[in-house]
1. When all C-alpha to C-alpha distances in region 351-474 are sorted into bins of 5 Å, what percent of pairs does each bin hold, rounded to whole numbers?
2. Given the convex hull of the Cα atoms of region 267-366, what is a quarter of its surface area in nm²?
3. What span do the alpha-carbon atoms of region 242-445 cover on each of the three principal axes, reported in whole Å from largest to smallest?
4. Restricted to Cα positions, what overall size does region 26-93 have along the principal axes? Three whole-Å values, descending.
5. Can you flag which of 207/254; 245/600; 147/207; 309/423; 10/207; 167/213 are past 22 Å Cα-Cα?
6. Running Debye on region 316-390 with equal point scatterers at the Cα sites and no solvent, what base-10 log of I(q)/I(0) appears at q = 0.12, 0.14, 0.24, 0.28 Å⁻¹?
7. Using the Karplus curve 6.51 cos²θ - 1.76 cosθ + 1.60 with θ = phi - 60°, what ³J(HN,Hα) values do you get for each residue of region 576-589, in whole Hz, with x for Gly and Pro?
8. Suppose R0 equals 22 Å; then what is the FRET efficiency for residue 205 and residue 15 from their Cβ-Cβ distance, rounded to the nearest 0.05?
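What follows draws every value from the coordinates through simple rules; no lab data is involved. If you're wondering where the values come from, they're calculated on a predicted model, not measured in any experiment. Quick reminder, even Gly has a Cβ in these numbers, built from the backbone with ideal geometry, and neighbours come from all protein chains shown.
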Amino acid sequence: MCGIFAAVNKTNVTNNLLGGLSSLSYRGYDSAGIAVVKQGNIERVRASGKLHELENRLHSYPLDGNIGIAHTRWATHGIPNEKNAHPHMTSRVAVAHNGIVENYESLRRRLETAGYIFESETDSETISQLITYYLDLGLNHEQSLCKALLEIEGSYGVAVIFQEQPKTLYAARRGSPLILGKGDSGFYVSSDINAFSEDVSSITYLKDGDVAKINRDGFSVINLQGEKTPRLLQKLEKDGCESGKQGYDHFMLKEIHEQPDVFERTWRHYFNNQRQAFQLPEFSVPDNEVNSITIVACGTSYFAGMVAKYWLEEYAKVPVNIDIASEFRYRKAPLDQNSLAIFISQSGETADTLAAMAHAKAAGLRCISFVNILTSTMAMESDTVLPTLAGPEIGVASTKAFISQLTSLLIFTMSFRQQAHNKHKAQQAKESMEQIPTLLREYLSDTSSIQNVAKLLHKAENMLYLGRGIAYPLAEEGALKIKEISYIHAEAFPAGELKHGPLALVDEKMPVLVIAPPDDLFAKTLSNLREVASRGAKIILVSTRKGLDLARDYVHAEIEMPEIAKQFIPIMYTLPLQLLAYYVALGKGHDVDQPRNLAKSVTVE
Ligand code: F6R
């Protein structure tokens, strides 16, 4: 949430900063800004709106400096306008901030009483003002920065430049990621490793409490008490995943089409060819001592967890509780020490999920995380990490990360309580896994029928998504996707629950998407479908040919699915839900990759 990029270089850094911001835009895109030090002055250009607004502004007011900081914002305090855009500055210092200053109101009151004049409504501006306050008291730059950061409650990643120090860039973090990268001609700081250009060959991850002092030729790191804390550069390993849109119109579409590869990469990661068995990292609690599993996550990752609940209960016979992270962390639920806690996160930086993990750890639970970004805070703080291997996901609406989460959760289910040690079973599972990418690719090779269904929904204002059993979490995920990018108000319900209230919403203006795979609940879902159809709803049915034929008399539009082994239904049936949301959003002319009000990596509560 919010992206920071900073550079100190031999040449003008403006293009480096814009390049960095462009890669970080997925973290927030309601305003952006750049500040550089030039000839003993800090100069700044900011603009509300997406990055191109800042680029336009820079054509009229070009900046030129060898050292600079940049920020792309997702508003928390103060509306998204230019005044609230970062960097925030005084005549002596400029700051780009990611995180939340929880005590900003008291700090602001104190500084205003002391005569400091604020220009924005943000919490972040207290940082630039507080640093200035200490500079004005006569402390040096480093001391002023450390002193200010010590007073801040909450989280921060900051990049800071001083008017009187035109060759030095500072970066510091507590709770918000920041990475330092060394290139041929200088140093860079970024919220995300993927924003570094090809030029960057080695990196170091700043740790909580670090303050890095960086110039063109080198850097040093201290803690907030001013003590040296050496950080070594390591070679930047490129992950081999293709960046850019690769010819697709949007990252989201590209990421949907990557899913067969993501599925394959993920399951193969867990398959030990020598032993011909699935192999997971050792857990410090033997799984036969685990009484129950508690799964915690947010958003799409939560729905992956919900699918896993059905899998784990059915195949591994273990009771599973599942919780939304922001509820789990504050509920006073008694936690069973013999329960294994599972956290699922694409970014590994979601504030609510991290806090939920801290809560579970404090209660003595072993914490396993399924994480896509292996350098993230969550990966560092878990007892055991199971990678999800989706590669960088740029589209704000999560797609391939969901599929990789489902894949690794399925393997976890199959492996739980030694099931995977049965060679015969492992071999069977491997053989079935090998078939899936081809089926997924075939499905994705012709999306025309989904595009036709999408045309029926361009004018819809409300929708219902229904599913039973394992199709219910898919209904939730489908409804979330259509809400996020198509801005259609969509609600998901277990199909059997509709008659307990929501059926009152149904009339001929209400499209109802029913997910009904040919499982043992199909007949029950079919009767719910009839109940809805008899109230005039327009039904879109997602099922196999056989299922569609059985429901033919009630269905307005069909989405035909191939036959697939039962355990892979959630993976296969996710594809049409993602594509439908994509094509509806496209038809409505929305910015598919950067939907309004959202950001990837939600690092605030
Ligand atoms: C939806 C979406 C969000 C995230 C949620 C959790 O498309 O992307 O709902 O799933 O914010 O994020 P992570 O998985 O990074 O913890």
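1. All Cα pairs considered, the percentages come to 2, 8, 11, 15, 19, 16, 13, 10, 5, 2, 0.
2. 7.0
3. Computed over region 242-445, the largest-to-smallest principal extents equal 50, 40, 26 Å.
4. Cα extents, longest axis first: 32, 24, 18 Å.
5. Flagged as over cut-off: 207/254; 309/423; 10/207.
6. -0.29, -0.40, -1.12, -1.39
7. Coupling constants for region 576-589: x, 5, 5, 5, 4, 4, 4, 6, 5, 4, 4, x, 8, x Hz.
8. Once the sixth-power term is evaluated, E becomes 0.30.
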